Amino acid sequence: MKLIQWLCVIVCLLALGCPTTPEPSPGGLSASDFEQVATNGFDAEDQALDSNDYPWAMAHYVADAKQGGGYVYVGTWNRVQQFKGFQDHVPVYPEIRRYRPDLGPQTWERVLDTRDLGLSEKDRPHGFRFLQEYRNQSDGKKYLYTGGRGETVSVWRSETGDPGTWENFWQYDYEGSIRSMTVHNGLLYMAWLNDYAIFDSGDGPKAVIFATDGEEVWTVMDDAFGDHNNIGVFEIATFNGYLWAGTHNRMQGCEVWKLEGPDPNEGPVRVIANGGARPFNEAAMTMFEFKDHLYVGTISNFIWRFILGLKPTDVYRIDRNDNWETVVGPDSVGGEPAGFGHRGNTYMWSMCELDGWLYVGTYDIVTGLTYMYTHPEFLLSIMGLKSGDLTSKVLTLIDLAVMQPQAGGDLYKSQDGVKWYKVFDNGLGNRNNYGLRVMKVADGRIFIGMSNPYEGLEVWASKESATPSKAQ
């Protein structure tokens, strides 16, 4: 009888929902300013073969030999539901494509296809995590670098970005990925994360940062900043003369460190500990410099959000004196609540800036959890529940019912990092677009890579005719 009562409550909540509309703002882009430039994993034939689910990496690159403008490049992660346990294992063949609007409004040229590499499962990249332009300090040549994910971590590069020009520059004989890259003081820094390990990387390395001049590669940090619970480095960035690193720490909450500063004798300094405002912020996921501050977006703890219900995540910012404050979350400076007021926003997944506006894209867990509830055997196993233990499950179901009308990744904007405005909260009309995985600015346009493991990735771009300074 109690179960029937709970189900009635859920049905009522589903009927009521909580739809919202974007708030009026003094400028910046609105949802109507975006147009779709890639559909369903780039093309139907390749999607059926490879399942291009995530636009995992994105960059705008202009080769030295290129006349005129460059191209927007996207690297993929494939068969994501397989990784989550919903599909039988089959080999994955991620690829890198570049946008060719000169050939068609949704034309993406394939420049690197791992099917063509002839590599073993151990040596083949299982995804391309990051794309970064870097002019080698060693020889002055400019390359587009990409960090791979796989049983063996690899870094690839191309001087032109053209098909047939990509080379395997470096390998690290551990599973995981180069999750982030940044150029700092003339060197390319690379952050390693074992994203195959749910809790720990066993006897292998923990959080590691490498650097290269384009010829040699060396280790900058390999002791997890002295804490074995820092199981990986999620993000790195350059700010205020230092290299900044955000860790993944499920036990105590993420940490943010600065290192590699002007004084070579100065060791790493921890600026944020214990997840910042809340310890269940398990990873410092995104970093972006905006108006003399380093903005840090987090991810909420995977296990806690199943046991205790949906937990939205936060955004912090650090000033040039290493003071930090919450700009999205509890006691934020402008009163903006965690997750921008949406419980489903458990990742702050991407950031970019255009015309004086900071844009933050989220991952909305509601879409994924809804899918999980259609696969109860998987959900119950990861929650550690037996079929008779319904408390946590019902609580989460209520959250899902309330938030379902807003399923799909969100985009928010701010001119000062304090007052925020909603651009959209529904995956640009497709709730299966559950997150804005990457955002880049190219030629005055914002390109958004949408993760969609049900129909294939999508890419959207602000229209060339959009005028970001106009009112919504």
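Remark: Arg110 falls outside the filter, which requires a residue to be surrounded by fewer than 18 Cβ atoms within 10 Å (Cβ to Cβ), touching a Phe, Trp or Tyr at 6+ places or on another chain (Cβ under 7 Å) and farther than 21 Å from Asn433 by Cβ. For the range 49-91, a residue qualifies if it is more than 26 Å from Thr160 (Cβ to Cβ) and either within 20 Å of the chain's Cα centre (by Cα) or part of a strand (DSSP E or B) (or both), and the qualifying residues are Ser51, Asp53, Arg79, Val80, Gln81, Gln82, Phe83, Lys84. Scanning the range 321-343 for residues that are surrounded by fewer than 19 Cβ atoms within 10 Å (Cβ to Cβ) and without any contact (Cβ under 8 Å) to a residue 40 or more places away in the chain, we see that the one that is nearest to Gly261 (Cα to Cα) is Asn321.
Scanning the range 216-238 for residues that are in a strand (DSSP E or B) and within 18 Å of Ala283 (Cβ to Cβ) gives Met221, Gly232, Val233, Phe234, Glu235, Ile236, Ala237. For the range 138-161, the set of residues classified as crowded, with 16+ Cβ neighbours inside 10 Å and in a loop (DSSP other than H, G, I, E, B) consists of Glu151, Thr152, Glu159, Thr160, Gly161, listed by residue number. Taking first residues from the range 97-109 that are assigned to a strand (DSSP E or B) and partners that are surrounded by fewer than 16 Cβ atoms within 10 Å (Cβ to Cβ), the Cβ contacts under 6 Å between residues at least 6 apart in sequence or on separate chains come to Arg97/Arg110; Glu109/Arg100.
Across the range 209-244, which residue is surrounded by the most Cβ atoms within 10 Å (Cβ to Cβ) among those that are at pLDDT 95 or above and β-branched (Val, Ile, Thr)? The qualifying residue surrounded by the most Cβ atoms within 10 Å (Cβ to Cβ) is Val233. Residue count for the range 404-452 under the criterion of being part of a loop (DSSP other than H, G, I, E, B), at pLDDT 95 or above and basic (Lys, Arg): the result is 1.
Out of the range 18-69, which residues are at pLDDT below 90 and among the charged types (D, E, K, R)? Answer for the range 18-69, where residues must be at pLDDT below 90 and among the charged types (D, E, K, R): Glu23, Lys66. Please tell me if Pro125 is crowded, with 24+ Cβ neighbours inside 10 Å, in contact with a strand residue (DSSP E or B) (Cβ under 7 Å, 6 or more places away or on another chain), modelled with pLDDT of 95 or more and outside any strand (DSSP E or B). Spelling it out, Pro125 is indeed crowded, with 24+ Cβ neighbours inside 10 Å, in contact with a strand residue (DSSP E or B) (Cβ under 7 Å, 6 or more places away or on another chain), modelled with pLDDT of 95 or more and outside any strand (DSSP E or B). Leu369 falls short of the stated requirement of being farther than 30 Å from Leu294 by Cα and either surrounded by fewer than 15 Cβ atoms within 10 Å (Cβ to Cβ) or at pLDDT below 70 (or both). Kindly establish whether Val183 is closer than 25 Å to Val62 by Cα, surrounded by fewer than 20 Cβ atoms within 10 Å (Cβ to Cβ) and either touching a residue at least 24 places away in the same chain (Cβ under 8 Å) or not hydroxyl-bearing (Ser, Thr, Tyr) (or both). So Val183 passes the test. Hey, any hits in the range 247-263 for a residue that's within 23 Å of the chain's Cα centre (by Cα), charged (D, E, K, R), modelled with pLDDT of 95 or more and surrounded by fewer than 24 Cβ atoms within 10 Å (Cβ to Cβ)? The answer is yes; a qualifying residue exists. Arg250 passes every criterion in (1) part of a loop (DSSP other than H, G, I, E, B); (2) closer than 14 Å to Met285 by Cα; (3) in contact with a Lys or Arg (Cβ under 7 Å, 6 or more places away or on another chain) apart from (3).
The values are calculated or read from the model by the stated rules, or taken from the named source; none is laboratory data. What you see is a predicted model, and the numbers here were worked out from it, not measured in a lab. In this analysis, Cβ positions are derived from the backbone assuming ideal geometry, glycine residues included, and neighbour counts consider all displayed protein chains.
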